[in-house]
Structure formats: structure tokens, C-alpha cells
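Please read the structure below before turning to the comments.
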Amino acid sequence: MERFYITTPIFYVNAKPHLGHAYSTIVADSVARFHRLMGEDAYFLTGTDEHGDKIVQAAEAQGKSPQEYVDTISGLFRDLWPDMNISNNDFIRTTEPRHKAVVQEILQKVYDSGDIYFGEYGGHYCFGCERFYTEKELVDGKCPDHQTVPEYIAEKNYFFKMSKYQDWLKDHINKNPDFIRPERYKNEVLSLLESGELEDLCISRPKSRLTWGIELPFDNDYVTYVWFDALINYITALEYPEGKKFEEYWPKANHLVAKDILKPHAIFWPTMLKAAGIEPYQHLNVHGYWLVEDTKMSKSIGNVVEPLAMKDKYGLDAFRYFLLRDMVFGQDSSFSEKALIGRLNAELANDLGNLFNRTLSMTHKYFGGVIPRPDVEDIVDAEIKKIGQDAMKAFQDNYSEMKFSRALEGLWELVRGLNKYIDETAPWTLFKNEETGRLQTVIYVLLENMRKIAVHLWPVMPEASEKMLDQLGMGFDQEKVNLPKELDVWGLLESSETVAKTSNLFPRVDLPEVKEEPKKPKKEKAKKQAKQEKKADAGDGTIEFEDFLKVDMRVGTVKEVEKHPDADRLLLVRVDTGDDEIRQVVAGIADFFAPDDLVGKQVVVVCNLKPRKLRKQLSQGMILAVKSGDELQLLTPTSEVEPGSKVS
Ligand code: MSP
């Protein structure tokens, strides 16, 4: 059996779990479940990172001992995961004896091989980041993350010869292009490795300054730097060096982290492994940040999203679905309850929920709830089967590459296709005309496809998936499901089983803001309208800030340009705006630019204009330009930025 190993970051215990922690852990859970259904043996690890200055400070602030404090907060994480339906196989804490033993073993090994040395170091130390900054890295003398002036500390410490492995790492990344994915993060790491010599890593802290850490095995006046300690958790849990799990699951490791901790995972960790004579992990998967209303989540702003509150309000599965569907893996995303409700209503209640409700109720109406045997076939059945196969293949391929949003989008082709199939085959007419053989097939095709959708959704919404399968009269048995086989297998749903009468898994939620105004008499309405028009006429011309925020403007890189086949003044400009797909904009700029002039340029695109066809060509947005005399200039950033960067 193929083996697969997935990890989340081990979270610091200096704050309660929030949306960001929940996202990484839900993604890891869904990936573990997906691989289990792909017929693999998937091992899933999460846990907490409990050493270091930050923790000591947080404990002091609460008047607790570090141990008391870490026990409490680690408990909050451990207790949250069952509520999020997280199927981790282990939960590791860096204060456990099993971890201390492995960290000391690795330290001793690397020390004995000569890759750890003793030296003096002076640097600007940021307590928030728990690291030294070079002059060059500081912004106006401050830590770029915390905006605080770091303390200058000079002390003797132990160093890991990270620089020795710089060329090896560069080479490894080049030879394994998906070692770090998505590609933008690989490029970020490569450019860091290519921009100059890597510094050696300071891996100790003198006990005179910090005692809350793992003692160095070769010098008991020092404890281990928290990152050198924390990264090792990924192999502690596999019982390195002798454990069976280590033999089975290493190096099939997939680490999952957000972009904030790219460097320790992409540079420290592989070089540490190399120095210890251990093979590097297989993939580092890096996701973006959840923002709230485009702002970083923070306790002081008071915009921290609590996972349990979301579960209570909308149901766990709707929350899980939204996180996986809405964030394009690798990019930042803005969280809002409005967007969650939008997807819940449109995609879960409407598309998926209606498919289940309609089909189950027709099965009851026409066949007393018993799944009919397929009989008379038609070309439309083969067509929908093909849509199903393509959708499931796309789902599986995209999920394997961590493209969850695209995977779900693909699966919804089938959900929507089936709703259309109902409208086209019109089972109510078949029933009226007594075309029973045909009606049997239509209902069977629907139910069997619904079964396939339900099993594919198990990694995303385990509880709803199991309920859907119960409703289809078959239940869920993990051992029996094999997703790759689903592409070819047809007819696993037993005719003669009875299905549920109703589904109702995803009740619609009303948006508080869009509560309908009570209907006003016509006259009054007209009066109000006139008043509004008058207001607009008053010439003030302002819009609300909220209205401005609705405009999704992004920087895009022009990839391809063609002349419009039917209009001389129009160009078809294909732009990378950071989405999964290249966007085509039909722009009236052919009088000013030749297609070749534009390729490679960066432009500002309004991305959420309603798509429309201009002379039969789809236009998905607008490129911003300014006219000056006879010239037209395109708006562009002063230096190149990541495609998809928001203009605000
Ligand atoms: N303890 C280290 C990790 C050590 S791993 C060997 C650490 N802990 S942390 O508590 O700060 O967690 C950071 C991680 O939490 C991110 O990499 C990400 O997985 C998750 N997130 C925290 N906030 C986030 C968002 N706003 N959005 C998405 N995920 C983020 O760093």
C-alpha cells in the first residue's frame, strides 16, 4: 500500500486557536482523508510548539508557570480538533520527553559530524519573532513584522553550518521542481538562495537568558533555539530513528504551512535533515493568509474569527466547504460571513441540496422510495456519465496537487449538470406518459451520480457526505471506497434499497443586510426614488467607502494579445491576474498599441466586472488606462509585483 504523511505546523501556545490555525488543520485533514480514499495509508500529525521566549512572556503575563500555561493552551488546540472533525493520528507537544530525546539525538549527531560550532554573535534580536535580524533586514531600524525596535544582543552561542548546504539545497530544488509548491514560493526561496551567501544558523540560547527549552546535549549552559527544536517534531512523531513509522512514512512527507514560516521550512529544515543524514521531505505546500475584510487578523483590532463560533452559526461542513472552496491555495483570501453565506446558499443549499431534495422526493413519488433498476437508455445518459467522469478526474487530479478550490469547482460541473439533466429529461412528464422504463433509468442515473458526488465530498465535508450516503440507503464504509475506481465503476448503488424521503442538509441562511424592505405603496416608492435621484443630482458625487471596496482591482501580467477577429479597434488581452485561469479582457486599445508591445507588461485590471461578450468575444474585466492628448497610457506599478496583487 502507498504511504502518505501530512503535517500541519505545530502551533505556538501563546494564543487561542483561530481561523488561520483551523484552516491549515482542516486542509491537512481533508488531504489525509482524500489520500485514504485514494487507497493509501495516510498518517496525519498536528500538535503544539511550546518552548521559547514568547511562551515564557505569555505565561508571565497570566501569572502562571510556563508548564501550567502550556498545558492549558495546548489543551485548547487538542480539544478543538475533534469539534472540527479532524482525523489526526497523533498530537505532538514539544515539551514531551519523546521529543526532547530526538532533538538531543539530532543535535549530538550534527555536532559530532562537525556541523555545529561555538562562536560569538551580535545582532538585533526581536523577541516577537524569536530571531536575530541583520541591519539590512530591519526597516527604519525596526522589525518589519512587529514594528518594534529589536534589542542588540551580543553573546556566545552555537551555530549550525547552514551555509555549507546552500548549493546542495539550490540544486535539490532545481532538480525537484515541486519540492516547494505553489511555484511562486519556490521562486521566492530560490531567489533568496541566489541573492547571497546564506548565514549560519544560531541554534542555542544561553540559560542565563532563557531556560524554557531543550538543553544542548553537549553544553548544559545552553538550551536549543526554538525553531531547531520545533522542526524536528515531524520526525519525533514517527519515532525516529528506529521506529517502524519512520521507516514507513519518511520521506513521503508533505508539510503544510502558510507563507509566514516559509523560510524555516524551506531552508532550515532541509539543511538540518541533510546534516543529520536524513533524506529531505517530499513536498512543502505553502498557503496564503486569511485576512478579514482585507486586514490582518489581530486581537487588538478585534477581528479574530473563532472557528467554533462559525461552526455554531453555519454548521461545520459549510464552514469547511467554504474554506476549501474560497481560498485559491497559495494566495491570500479575505474572510467574510457574507461570502460564506453566499456560497452556502448558492452552492450547498441550491445546487447540491436541491439535487438531493428533488431526486429523493421523485424516487418516493414514482417508486415508493425504492431505487429502480435502470432500463431504457438514451444518449443523454451517456453524456451525463461523461460529464461525471471528467468532473471526478478533475477533482482527483486537482486535489492531489492541493488545488482544492479548482477541484470543487470541477465537481460542481457534475452537480449542476445533474440539475440540468433533471430539467431536460423531465421525469414528471415521463411519469405522466407512463414511460416507466425510461423513468427508471433517469432516476437511477441521478442517484448513482449522487453517490459518486457524496464519496468525493467526504474529505471536504465528512459528516454531510456520510449523511448523503445514508440517505441513498448505503451508508459509508471507508474501507470500501476507492476514488480512482469510481472513474470507471458504474452501478454500485443497489436497486431495491430504499432512500430517505428528504435531505435538507444545508438550510439556507438569510443575509441580515438583505432583509427585504416592507413593500411600500407605489406612490411612496416613487417619491423615495425621486428623492434619491435628487440627492445624486445634488452634485456631491461621493460614494461610500464600502462601495469602493466592492471594486476588485488587481495587477496582472499580460501573457498574450491578439487582434479581435471582428473589430479593428479591439484587442483580446489575456492577463494573469493571479487566478487559476488566465483572464481575457477585450480592450479598445488597438489604435494605441500593437499586440506585441503589451506582452509581459503589467496592467491594472478591474476583475469583478460582470463578464460580457463584446462582438462574440468574452471579456472578463477592464484594463485601466489614462488618455493624455493623443496618447493612451496604461496604469502600471512602478516596479514589478506578483500577478494578482490587489490595488487598494
Ligand atoms: N510554531 C510555529 C510553527 C512551527 S512548525 C515546526 C508557528 N506557530 S503559529 O502558531 O504562529 O502558526 C503559524 C501557522 O498558523 C501558519 O503557518 C498557518 O499555518 C497558520 N495561520 C495562522 N494565521 C493564519 C492566517 N491568518 N491565515 C492562514 N493561516 C495562518 O509559526
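Examine the stretch 412-426 for a residue that is in a helix (DSSP H, G or I) and out of contact with any helix residue (DSSP H, G or I) (no Cβ under 9 Å at 6 or more places or on another chain), and state whether such a residue exists. So that I can check it myself, show each step before the final result.
Within the stretch 412-426, the subset in a helix (DSSP H, G or I) is 412-425.
Filter once more, keeping what is out of contact with any helix residue (DSSP H, G or I) (no Cβ under 9 Å at 6 or more places or on another chain): 423.
Yes, that holds for at least one residue.
Given the condition farther than 25 Å from Val328 by Cα and modelled with pLDDT under 85, answer yes or no: does some residue in the stretch 575-590 qualify?
The answer is no; no qualifying residue exists.
Working only within the stretch 57-85, note down all residues that are at pLDDT 95 or above, part of a helix (DSSP H, G or I) and of a type in the set (S, T, N, Q).
Passing the criteria: Gln67, Thr72, Ser74.
Could you look through the stretch 37-56, keep only residues that are in contact with a Lys or Arg (Cβ under 9 Å, 6 or more places away or on another chain) and in a loop (DSSP other than H, G, I, E, B), and pick out the one that is farthest from the ligand (Cβ to nearest atom)?
Gly39
Can you tell me which residues in the stretch 1-16 are crowded, with 23+ Cβ neighbours inside 10 Å and either farther than 12 Å from Phe91 by Cβ or more than 7 Å from the ligand (Cβ to nearest atom) (or both)?
Tyr5, Ile6, Thr7, Pro9, Val13, listed by residue number.
Report every pair of residues separated by at least 6 positions or lying on different chains whose Cβ atoms are under 7 Å apart, first residue within the stretch 102-113 and under 13 Å from Ile235 (Cα atoms), second of a type outside the set (Val, Ile, Thr) and part of a helix (DSSP H, G or I).
Going by the 7 Å Cβ cut-off, the qualifying pairs are Val103/Asp229.
Check off (1) open to solvent by 10 Å² or more (accessible area, probe 1.4 Å); (2) outside any helix (DSSP H, G or I); (3) touching a residue at least 40 places away in the same chain (Cβ under 8 Å); (4) in contact with a Lys or Arg (Cβ under 6 Å, 6 or more places away or on another chain) for Leu198 and give me the number that stays unchecked.
If we test Leu198 against (1) open to solvent by 10 Å² or more (accessible area, probe 1.4 Å); (2) outside any helix (DSSP H, G or I); (3) touching a residue at least 40 places away in the same chain (Cβ under 8 Å); (4) in contact with a Lys or Arg (Cβ under 6 Å, 6 or more places away or on another chain), just (4) comes out false.
Only residues that are more than 11 Å from the ligand (Cβ to nearest atom), assigned to a loop (DSSP other than H, G, I, E, B) and open to solvent by less than 10 Å² (accessible area, probe 1.4 Å): list them for the stretch 318-331, please.
Gly330
If the Cβ limit is 6 Å and pairs must be 6+ apart or interchain, which residue in the stretch 52-67 that is farther than 19 Å from Glu215 by Cα pairs with which residue that is open to solvent by 20 Å² or more (accessible area, probe 1.4 Å) and at pLDDT 95 or above?
Close Cβ pairs satisfying both conditions: Ala59/Pro66.
Residue pairs, Cβ under 6 Å, 6 or more apart or interchain, first in the stretch 1-22 and in the same structural domain as Gln57 (by TED's automatic domain parsing), second near the ligand (Cβ under 6 Å from one of its atoms) and in a strand (DSSP E or B). List them.
Taking only residues 6 or more apart or on different chains, the pairs are Pro9/Val257; Ile10/Asp49; Tyr12/Asp49; Leu19/Trp290; Gly20/Trp290; His21/Phe11.
Would the stretch 17-36 turn up any residue that is within 9 Å of the ligand (Cβ to nearest atom) and outside any helix (DSSP H, G or I)?
yes
Only one residue in Gly342, Gly315 is on the phi > 0 side of the Ramachandran plot, out of contact with any strand residue (DSSP E or B) (no Cβ under 6 Å at 6 or more places or on another chain) and open to solvent by 20 Å² or more (accessible area, probe 1.4 Å). Which one? Show your work before the answer.
Values: Gly342 fails: on the phi > 0 side of the Ramachandran plot.
Checking each option against the conditions leaves just Gly315.
Report those helices (runs of 4 or more DSSP H) wholly inside the stretch 232-306 carrying at least 3 residues which are more than 13 Å from the ligand (Cβ to nearest atom) and at negative phi.
Details: elements: 233-236, 244-249, 269-275.
Where helices (runs of 4 or more DSSP H) fall fully within the stretch 232-306 and carry at least 3 residues being more than 13 Å from the ligand (Cβ to nearest atom) and at negative phi, they are 244-249, 269-275.
Just to confirm my filter: which strands (runs of 3 or more DSSP E) fall fully inside the stretch 536-648 and include at least 1 residues that are among the β-branched types (Val, Ile, Thr), over 28 Å from the mean Cα position of the chain (by Cα) and surrounded by fewer than 14 Cβ atoms within 10 Å (Cβ to Cβ)? Before the answer, list the steps.
Values: elements: 553-563, 571-576, 583-587, 602-606, 612-614, 617-619, 625-628, 631-634.
So the answer is 625-628.
Need the failing condition index for Thr211 against (1) surrounded by 15 or more Cβ atoms within 10 Å (Cβ to Cβ); (2) within 20 Å of Arg98 (Cα to Cα); (3) away from the ligand (no atom under 16 Å from the Cβ), just the number.
Thr211 satisfies all of (1) surrounded by 15 or more Cβ atoms within 10 Å (Cβ to Cβ); (2) within 20 Å of Arg98 (Cα to Cα); (3) away from the ligand (no atom under 16 Å from the Cβ) except (1).
Within the stretch 184-195, is there a residue that is aromatic (Phe, Trp, Tyr) and open to solvent by 40 Å² or more (accessible area, probe 1.4 Å)?
Quick first cut of the stretch 184-195, residues aromatic (Phe, Trp, Tyr) only: 185.
Next, only the ones that are open to solvent by 40 Å² or more (accessible area, probe 1.4 Å) stay: none.
Looking for residues that are aromatic (Phe, Trp, Tyr) and open to solvent by 40 Å² or more (accessible area, probe 1.4 Å), one finds none in the stretch 184-195, hence no.
Go through (1) part of a helix (DSSP H, G or I); (2) crowded, with 21+ Cβ neighbours inside 10 Å one by one and return the number of the condition Ile387 breaks.
Every condition holds for Ile387 apart from (2).
What tally of residues in the stretch 136-160 results from selecting those that are surrounded by 12 or more Cβ atoms within 10 Å (Cβ to Cβ), not acidic (Asp, Glu) and not in a loop (DSSP other than H, G, I, E, B)?
7
Please specify each residue of the stretch 240-288 satisfying the condition of being among the charged types (D, E, K, R) and either closer than 21 Å to Leu107 by Cβ or modelled with pLDDT under 95 (or both). Steps first, answer last, please.
Here is the first cut: in the stretch 240-288, the residues among the charged types (D, E, K, R) are 242, 244-245, 247-248, 252, 259-260, 263, 274, 279.
Scanning the stretch 240-288 gives Glu242, Lys263, Lys274, Glu279.
Which condition number in (1) closer than 24 Å to Ile26 by Cβ; (2) part of a strand (DSSP E or B); (3) away from the ligand (no atom under 11 Å from the Cβ) is the one that Val223 fails?
(1)
The values are calculated or read from the model by the stated rules, or taken from the named source; none is laboratory data. Predicted model only: the values in this text are computed from it and were never measured. Positions of Cβ are backbone-derived with ideal geometry, glycine not excepted, and every protein chain shown enters the neighbour counts. Areas reflect the complete protein model, heavy atoms only, side chains present, ligands, DNA and RNA absent. Shrake-Rupley method; radii C 1.70, N 1.55, O 1.52, S 1.80 Å.
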